[in-house]
1. Using Cα pairs closer than 8 Å and at least 6 residues apart in sequence, work out the relative contact order for the chain, in percent.
2. At what distance in nm do the modelled label points of residue 383 and residue 343 sit from each other, each positioned 7 Å from its Cα along Cα→Cβ?
3. Starting from 0.36 nm per residue, how many nanometres of slack lie between residue 5 and residue 295 once their C-alpha separation is accounted for?
4. Before rounding to the nearest 500, sum -39500 (n - 2.57) across all DSSP H runs of length at least 4 in the chain and divide by the residue total; then give [θ] at 222 nm in deg cm²/dmol.
5. Let me check against my output: what whole-number percent is the relative contact order of segment 267-387, with C-alpha pairs under 8 Å and at least 6 apart?
6. Fewest to most neighbouring Cβ within 10 Å: what's the order for 153, 48, 96?
7. Roughly how many nanometres apart are two label points built 7 Å out from the Cα toward the Cβ at residue 106 and residue 140?
8. Taking the highest mean first, how do the peptides 310-320, 29-39, 332-342, 77-87 order by number of other beta carbon atoms within 10 angstrom per residue?
């Protein structure tokens, strides 16, 4: 379905949140709340779109071009570990909206785009005070959606942290929450854990748009082959159905296209995070058909000649990593020091980096995620609401008297959960 210029102009006039309008008053980029993207994919049915981690500018541009080509609504995101105060990426919470808005205007991107602060991670109670200062600055910088991730904490503290910080998120903005750290096959999430979190939030009039689970994936390079557990995911989503919450699929890179098709077709997932695959593809590394980097016998990445960065530049990147002892997933740390060098490459090289990302993202959007044609549905949602604020999907079901601090602690103590091994499971 084609979008008329008239409908686009109307959506542009009413669909951009106030922080976006303030930052970019003359922009023609349709930056929207994460709620808009979720509603579009729900309207499409059995569909999810990509939340592309824009670790570098080439990924951002390639993902946007793919979304335009697929006529699909899309999310550009960065996680706190990637783009927070200790960023290892040139894209961060405070410049991501600026980059996306500029790229959309430059390239004529007209599909709706949400700007998502992914994995705003909190690992201990002391992190909350810092977050209360920092989170408002993200929205001042153009963020339109956020994932509050206190899954590293015990269940009761996860819920209480979400209750404390959700008050800082504008009512119009997209909101994601998480139960269970992403640890692969260890510490898998359960329906009881997910219900505990969502019911506790519901009792206090907080209605997240998405919930992320540990459903068998890992961040970074997927090596185990275990991957997404579709049945587990579908069961948890069904248990949560009365609360009208969608799923956010984390750790998508490295999972087979068939598993991802099943997640789109059989669960309530509308958002699929892709990070590592896009980075590797932009650099020109050899990947399999679902984006997992292929290693040689020595455990080193294999560069495809003539694509991505130049061979000379790749050797510089490898040497830089070797000097610091970086292997495998730690190659992600190359994004920050090498962005200026890559921006200084000839236009043809920059274009082939962007084009490779575009082709990969387009294929996922159209042939795996079923996101094609979701952009007009997002515009329809904006026009139907006549606003950038689509409101909430659910309603209060739980009695707040059953979810006081004391009762939250008692309920959490009664949960029978396996959190898996301790460790640093960064995003």
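1. Values: 895 pairs, mean separation 103.7, N = 427.
Rounded, it is 24 percent for the chain.
2. Taking the two extended label points, one gets 3.8 nm.
3. Contour length minus Cα-Cα distance gives 99.7 nm.
4. Numbers: 17 runs with 186 residues, N = 427.
Dividing the helical sum by the residues of the chain leaves -13000 deg cm²/dmol.
5. Normalised by residue count, the contact order of segment 267-387 is 23 percent.
6. Neighbour counts put them in this order, fewest first: 153, 96, 48.
7. Placing both labels 7 Å along Cα→Cβ, they lie 2.7 nm apart.
8. Sorting 310-320, 29-39, 332-342, 77-87 by mean packing, highest first, produces 29-39, 77-87, 332-342, 310-320.
Values in this text are rule-based calculations from the coordinates and carry no lab data. In this text, all values refer to a predicted model and were calculated from it rather than measured experimentally. Ideal geometry is used to build each Cβ from the backbone, glycine not excepted, and the neighbour counts take in all protein chains shown.
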